[in-house]
Amino acid sequence: MNKTRFIIIAITLTVLSLAWLLLTPTLFPVADADASRSAPHRGFYAPSFTLETPQGDQHALEDYQGQPVLVFFWASWCSVCKSAMPGLESVYQEFSPQGFTILAVNTTTQDILSSAVNEFASKGYTYTMLLDQDGSVTNAYRMRAVPTSVLVGPDGRVTDVVIGSGISEGFLRARLSQLLAQESE
Amino acid sequence: MFPIINIGPLAIQAFGLILLLSFFTGSWLAARFSAGLGTNTDVIENSILVGLIAGLLGARIGFLLKNPAVFVNNLFSLVSLTPSMLDVSFGILVGLLTALIIAQKKYLPLWPTLDVLTPFFLLIFAGVHLANYANGDGFGIPTLLPWGIQLWNATRHPVQLYALLLAGVLFAWLIWHTRLLKTTGFNRSGVLFSVILGGMAIITLFTRAFTAEKILLGAIDFNQAVSFAVLLASLGLIYTRAFPNRKKVSVIISMGSNVDPHTQLSKAVEVIAEEFRLRRTSSRYQTQDVLEGHQAQDFINQVIEVETELAYPDLVKQLKAVEVSLGRQPGNKITVALDLDVLTYGSEVFTIQGKHIPDPGMLKYRYIALPLAEMSPDFRHPGNGMSIRDILEKITDDTQVLKINEVENGIEI
């Protein structure tokens with residue numbers, strides 16, 4: 001390719017790209033609708049739900065508006081869940097005075113209710129266990145594997161979705177410190 | 001969206017799997033490209049791998065630096081395999097710096113190495129978009145177009161797939177242009193890299209328009225602005241690499257003859273000195289015919305360095321004319337009146353009409369490397385960065401090559 005031809009192509013590309021860059025805000029405005037949408041993904045409002053504990057008490061996500069909530073999907077046959085739960089307990093002990101809540105949603109459609117209740121009770125966890133008896137919350141959160149952890153900020157928006165063993169004590173502590181620091185600012 | 005891939009009883013996170021696969025496929029393709037072009041495949045592969053490991057460690061250390069309290073509570077979590085406790089940008093920085101330091105230490109030449117890495121960069125680029133699609137990250141704005149996808153409670157532009165598709169087109173062009181990763185397709189190193197860089201910038205600039213999550217600087221998307229800057233930089237790079245200001249190129253030529261060789265080489269040097277600026281010459285060396293064993297007449301070899309403004313193809317044409325004018329019969333490999341071979345053309349690395357520059361012969365044959373070492377003791381191979389001393393040490397060719405000392409009354413070996 002000779003020099004002149006290259007210069008013509010380069011200038012054309014530059015002009016077209018600059019035009020696209022400047023026209024983007026007009027042609028493709030960022031959707032305002034997304035700001036009020038709920039979806040199980042970072043940045044969206046966490047889908048709302050109301051579930052019962054094994055004892056029959058009702059808990060709604062909305063009850064915890066204004067404080068950070070961890071929605072933790074788990075099953076009693078899931079070893080990764082079981083190895084993560086003691087860590088959750090210690091973080092819960094540490095941060096619950098500052099309003100932090102854990103809703104441990106048992107995927108009851110894929111579990112045996114009695115084993116799940118036994119597992120939770122025998123370990124003496126003090127956070128809230130909820131039963132997703134018809135799988136509707138599991139569906140609303142598009143859960144593909146247990147454990148799936150959805151951290152919801154005080155403003156009701158999802159800040160993190162962690163699939164699998166990534167929901168460690170260290171990670172949770174770090175994110176909670178950030179969230180609570182942001183809130184107190 | 002497919003965040004989890006189920007293989008039998010295993011549930012694997014698609015995001016990580018896709019990135020790892022594109023990383024390893026990319027480095028495998030880069031290694032193949034490197035082997036074809038004659039750059040330093042081992043060092044390139046090593047720096048990619050060490051860069052990856054350093055990047056992962058760096059990402060964890062970056063997370064530690066931002067959240068020191070986490071690790072004070074539990075030192076074990078510093079080394080745990082948890083994929084979430086990573087600071088990605090810090091990891092990329094550490095990985096790139098590590099790879100760069102290794103490359104520098106091993107004298108990897110910048111532009112040829114970047115050329116060789118183009119399939120690697122492009123696969124990582126495509127991999128990130130596919131991984132985003134798998135995770136539902138980097139999603140598009142809502143659309144009414146028929147090919148919109150359902151994601152996060154809206155029908156949206158499948159923007160990750162737009163980018164993936166365009167990256168695929170660019171990759172197909174790369175494969176076609178490089179004749180299945182055998183040549184860079186340009187006579188100057190670094191042009192291929194700049195073209196691919198520009199292509200990735202254009203793809204990002206174009207597709208980011210459809211992305212919902214934007215980082216806005218005023219009304220302009222930050223990512224688009226950066227892509228535009230990268231595009232300008234890559235156009236500038238193509239311009240300076242492909243049309244350099246300094247036209248004079250230093251060329252090293254290997255000469256050989258086995259028909260009245262001393263007279264022939266003297267004549268050749270004379271003719272060449274008339275047509276080019278002669279910079280340096282080596283002594284002459286006597287070599288057994290490498291191709292024919294002892295049957296043919298021994299060769300006398302010599303290397304010279306000249307300066308030229310000619311483009312490579314014109315240079316070769318002119319050298320062929322010199323060969324023919326001094327009695328070379330094309331095709332005759334037993335009696336060779338004069339053989340002129342371009343060993344290096346500036347610091348460029350390319351393949352043209354099946355001929356590799358730098359000539360791979362200098363890594364194989366003593367009769368080329370020995371005079372070269374004498375003429376330029378600080379020579380480094382423009383492709384793989386090896387010093388001429390290392391090259392000589394690695395050559396396994398055991399043909400006898402003897403330096404000829406010319407004395408007043410004739411020739412003494």
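The values are calculated or read from the model by the stated rules, or taken from the named source; none is laboratory data. Values in this document were obtained by computation on a predicted structure and should not be read as measured data. Ideal geometry is used to build each Cβ from the backbone, glycine not excepted, and the neighbour counts take in all protein chains shown. When the accessible area is computed, the model is the full protein with side chains, heavy atoms only, and any ligands, DNA or RNA have been set aside. Shrake-Rupley method; radii C 1.70, N 1.55, O 1.52, S 1.80 Å.
Comparison of A:T50, A:T101 shows that the only residue that is buried (at least 19 other Cβ atoms within 10 Å of the Cβ), in contact with a strand residue (DSSP E or B) (Cβ under 6 Å, 6 or more places away or on another chain) and farther than 30 Å from B:L232 by Cβ is A:T101. Within the group B:L100, B:L144, which residue is more than 14 Å from chain A (Cβ to nearest Cβ) and open to solvent by 10 Å² or more (accessible area, probe 1.4 Å)? Selected residue: B:L100, the only one of B:L100, B:L144 that is more than 14 Å from chain A (Cβ to nearest Cβ) and open to solvent by 10 Å² or more (accessible area, probe 1.4 Å).
Residues in segment A:141-185 that are touching a residue at least 60 places away in the same chain (Cβ under 8 Å) and among the aromatic types (F, W, Y): 1 in all.
For first residues located in segment B:219-236 and more than 7 Å from every other protein chain (Cβ to nearest Cβ) and assigned to a helix (DSSP H, G or I), partners that are open to solvent by 30 Å² or more (accessible area, probe 1.4 Å) and of a type in the set (V, I, T) and lie 6+ apart or on another chain with Cβ distances below 7 Å form the pairs B:F222/B:I215; B:N223/B:T204; B:N223/B:I215; B:S227/B:T204.
Count of segment B:198-210 residues, restricted to those that are at the interface with chain A (Cβ under 7 Å from one of its Cβ atoms) and in contact with a strand residue (DSSP E or B) (Cβ under 7 Å, 6 or more places away or on another chain), is 1. Checking each residue in segment A:143-158 for being among the charged types (D, E, K, R) and either more than 9 Å from chain B (Cβ to nearest Cβ) or closer than 13 Å to A:R42 by Cβ (or both) picks out A:D155, A:R157. Considering the conditions (1) open to solvent by 30 Å² or more (accessible area, probe 1.4 Å); (2) more than 11 Å from chain A (Cβ to nearest Cβ); (3) over 22 Å from the mean Cα position of the chain (by Cα); (4) of a type outside the set (A, V, I, L, M), B:E213 is excluded by exactly one of them, (2).
Residues in segment A:159-183 that are farther than 19 Å from A:S83 by Cβ, buried (at least 18 other Cβ atoms within 10 Å of the Cβ) and within 7 Å of another protein chain (Cβ to nearest Cβ): A:A174 alone. Only one of the numbered conditions (1) more than 30 Å from the chain's Cα centre (by Cα); (2) within 30 Å of B:K364 (Cα to Cα) is violated by B:M255, and that is (1). Scanning segment A:104-113 turns up no residue that is assigned by TED's automatic domain parsing to the domain that holds A:M129 and in contact (Cβ under 8 Å) with a residue 60 or more places away in the chain.
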